[in-house]
Amino acid sequence: MNAEKFVEYYRSQKDQVLFNFKIFFEQTLAKQTPPKEKIILNVSDDFNKITGQTKEAILTNLYLNKSFRAHDQYRTNTVVNLANIFQNGTAKAKIQDYEAQLIYLLHSSKMNGTLLSFNLMFSNFNTIQVVDFQMYDLNYLFIQIKQNLVVLEALGTVVKDFTGKNVKKLDFDEIKIEFFKSQFRGLNGFAGIKKIYVSSNRIEELARLTSDKLFDKKDQLILLLLLIVYLIFQEK
């Protein structure tokens, strides 16, 4: 598998200041039948069953990503995080963190980014940690949001993007919300498989913002909930 080859290649280059993705791709993906589009995941209730596919999809996305390939070399001391998650799996992360980190990479590997944004991706994705976040009745709010046709359509687009399959409205009953913290500044959240990840850092920022305004408690809550809805809509 290319993920295993990536780990091996990283080990041979770990003492270099810059890591050359061009050479790695030339030795692997370019010698294979060149992928013309992203890998479609085979969705399973058990994420462990598709972690290998997800890793392969991340590397394929990077290989096909013109903005990523515009810069052949990235800082080795940040790329180490990618090698670690490919190699160690859950050895250094809880299973829910491991899943969230891989899903984030799956999204970000397709972004139209800059050298800085990709270096930040490598530097910070392993700071994503799923947390037990309690503030107001956010889960009840999420249940209401899932009834919105705009949200359902957006979620369906994400699922189809990952899996190539259309989903029915009833399939969304299983989708749940998970909160995470990270060192990414400005990251509101991202969509997973049967999950939506929302940043607790951003919600806490919004809570401080509303508390600084001249609103009574009831109006503060309404404003905060509206801002949270905005976060969830923005990331679909």
Among (1) among the acidic types (Asp, Glu); (2) surrounded by 13 or more Cβ atoms within 10 Å (Cβ to Cβ); (3) at pLDDT below 85, which single condition is Glu99 missing? (3)
Within the bounds of the stretch 188-203, is there any residue that is at pLDDT 80 or above, under 30 Å from Asn84 (Cβ atoms), in contact with a helix residue (DSSP H, G or I) (Cβ under 8 Å, 6 or more places away or on another chain) and part of a loop (DSSP other than H, G, I, E, B)? yes
Any idea which residue in the stretch 189-209 is surrounded by the fewest Cβ atoms within 10 Å (Cβ to Cβ), counting only those that are touching an Asp or Glu at 6+ places or on another chain (Cβ under 6 Å) and not aromatic (Phe, Trp, Tyr)? Lys194
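The values are calculated or read from the model by the stated rules, or taken from the named source; none is laboratory data. A quick note: this is a predicted structure, and the numbers were derived from the prediction, not measured. All Cβ positions, glycine included, derive from the backbone under ideal geometry; neighbour counts span all protein chains shown.
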